[in-house]
Amino acid sequence: MPELPEIAAIAQYVAEKAVGTQIRRVDVAALSVLKTFAPGPHDLVGATVTGTDRIGKYFVLWTEKNGDRVALVTHLSRAGWLRWSDKLSPTPLKPGGKSPIALRVHVGPEGEGFDLTEAGTQKRLAVWIVRDPSEIEMVATLGPDALAVSREDFGAILAGSRAQLKTLLRDQRTIAGIGNAYSDEILHTAKLSPFAIAKSLDEAQVDALYAAMHAELDDAVARSVGQHVATLKAEKRSGMKVHGRTGSPCPVCGDTVREVSYADRNFQYCATCQTGGKILADRRMSKLLK
Ligand SMILES: [Zn+2]
């Protein structure tokens with residue numbers, strides 16, 4: 001799932017490629033991804049791309065036509081991706097087909113443009129066409145951005161929450177931009193247990209968590225921005241110290257990276273670095289204990 005650094009890189013990449021071009025056509029292959037009706041995709045045709053933005057994990061493409069500013073906003077969700085092409089096929093997409101392409105935006109005169117794709121069986125990719133992204137409830141209710149929140153505000157958020165750190169970091173209404181992968185990395189760098197309760201942290205631990213959040217995200221943004229969209233996923237994976245590395249040695253202490261597994265997701269941590277050696281229980285463990 002793309003998180004803050006990947007969306008930042010996508011926004012930068014698409015801005016470099018598309019700003020100043022005119023939208024020539026929008027093909028909708030999966031109608032279910034479109035969450036708004038007016039303005040519609042046809043209203044974007046003839047509009048000039050004026051810029052891009054990242055809001056949390058949302059990608060925004062700004063357009064303007066006759067002084068009317070309209071934004072195409074997308075949440076790529078778990079299995080969605082943006083695929084840039086310098087030469088898109090002019091053949092219209094077949095609606096309801098088996099292709100992973102949900103929406104295709106033709107921008108440049110040479111056939112440039114991008115596809116929004118969804119590889120998952122559960123179609124969670126979402127696209128909105130709005131005048132103001134804050135019209136989207138999930139955008140309007142986002143917490144402060146992970147890279148913009150101050151140390152003071154971050155401390156206040158933690159002090160006011162009984163949530164476990166792993167849950168808190170991924171909750172977009174609390175802090176925007178972080179998902180399953182970077183929360184694993186941030187907690188590992190901060191040497192904190194994923195199950196630690198937010199309000200129980202002392203000042204030194206809050207400092208460590210805040211510093212780790214910046215270190216991990218700043219580093220990932222630096223590595224991602226400027227890359228071709230196609231190489232971002234591999235770049236993200238290669239930078240991970242514990243996430244997705246169950247069974248591998250922790251690069252900090254050499255202990256084996258462990259996994260906590262739930263029915264629909266899992267996450268990784270290092271017991272030596274993060275939990276004082278304690279092995280965290282998950283559903284498989286509780287099954288064994290029964
Ligand atoms: Zn370790």
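Right, D264: surrounded by 15 or more Cβ atoms within 10 Å (Cβ to Cβ), more than 16 Å from the ligand (Cβ to nearest atom) and of a type in the set (D, E, K, R) or not? In short, no.
When V139 is tested against the conditions (1) in contact with a helix residue (DSSP H, G or I) (Cβ under 6 Å, 6 or more places away or on another chain); (2) over 17 Å from D53 (Cβ atoms); (3) not in a strand (DSSP E or B), the lone failure is (2).
Output the residues belonging to the range 171-197 that are farther than 19 Å from R258 by Cβ and either in contact (Cβ under 8 Å) with a residue 60 or more places away in the chain or outside any loop (DSSP other than H, G, I, E, B) (or both). Give the derivation first.
Initially, the range 171-197 is screened for residues farther than 19 Å from R258 by Cβ, giving 171-179, 197.
Matches in the range 171-197: Q172, A176, G177, I178, G179, I197.
Are any residues in the range 267-290 within 15 Å of K191 (Cα to Cα), exposed (fewer than 14 other Cβ atoms within 10 Å of the Cβ) and of a type in the set (A, V, I, L, M), and if so, which ones? I279, the sole residue that qualifies. Only a single criterion out of (1) exposed (fewer than 15 other Cβ atoms within 10 Å of the Cβ); (2) free of Cβ contacts under 8 Å to residues at least 40 places away in the same chain is not satisfied by A208, namely (1).
The conditions of being more than 18 Å from A8 (Cα to Cα) and not in a helix (DSSP H, G or I) are met by G247. Among residues of the range 91-126 being modelled with pLDDT of 90 or more and small (G, A, S), the one that is nearest to the chain's Cα centre (by Cα) is A126.
Applying the set (1) assigned to a loop (DSSP other than H, G, I, E, B); (2) more than 16 Å from the ligand (Cβ to nearest atom); (3) modelled with pLDDT of 95 or more to D218 leaves exactly one unmet item: (1). Can you name every residue in the range 24-43 that is crowded, with 16+ Cβ neighbours inside 10 Å and more than 25 Å from the chain's Cα centre (by Cα)? R24, R25, P39, D43, listed by residue number. In the range 251-261, of all residues being free of Cβ contacts under 8 Å to residues at least 24 places away in the same chain and in a loop (DSSP other than H, G, I, E, B), the one that is surrounded by the fewest Cβ atoms within 10 Å (Cβ to Cβ) corresponds to G254. Residue pairs whose Cβ atoms lie under 8 Å apart, separated by 6 or more positions or on different chains, with the first residue in the range 125-142 and farther than 21 Å from A102 by Cβ and the second hydroxyl-bearing (S, T, Y) and in a helix (DSSP H, G or I), are A140/S134. Of all residues in the range 27-55, those being assigned to a strand (DSSP E or B) and out of contact with any Pro (no Cβ under 9 Å at 6 or more places or on another chain) number 6. Given the structure, is T167 of a type in the set (S, T, Y), modelled with pLDDT of 95 or more and out of contact with any Ser or Thr (no Cβ under 7 Å at 6 or more places or on another chain)? Considered against the rule, which asks whether it is of a type in the set (S, T, Y), modelled with pLDDT of 95 or more and out of contact with any Ser or Thr (no Cβ under 7 Å at 6 or more places or on another chain), T167 comes out as yes.
The residue of the range 222-242 that is surrounded by the most Cβ atoms within 10 Å (Cβ to Cβ), among those that are in a loop (DSSP other than H, G, I, E, B) and more than 13 Å from the ligand (Cβ to nearest atom), is M240.
The values are calculated or read from the model by the stated rules, or taken from the named source; none is laboratory data. None of the values given here were measured: they were computed from a predicted structure. With ideal geometry, Cβ positions are generated from the backbone for all residues, glycine too; neighbour counts draw on all protein chains shown.
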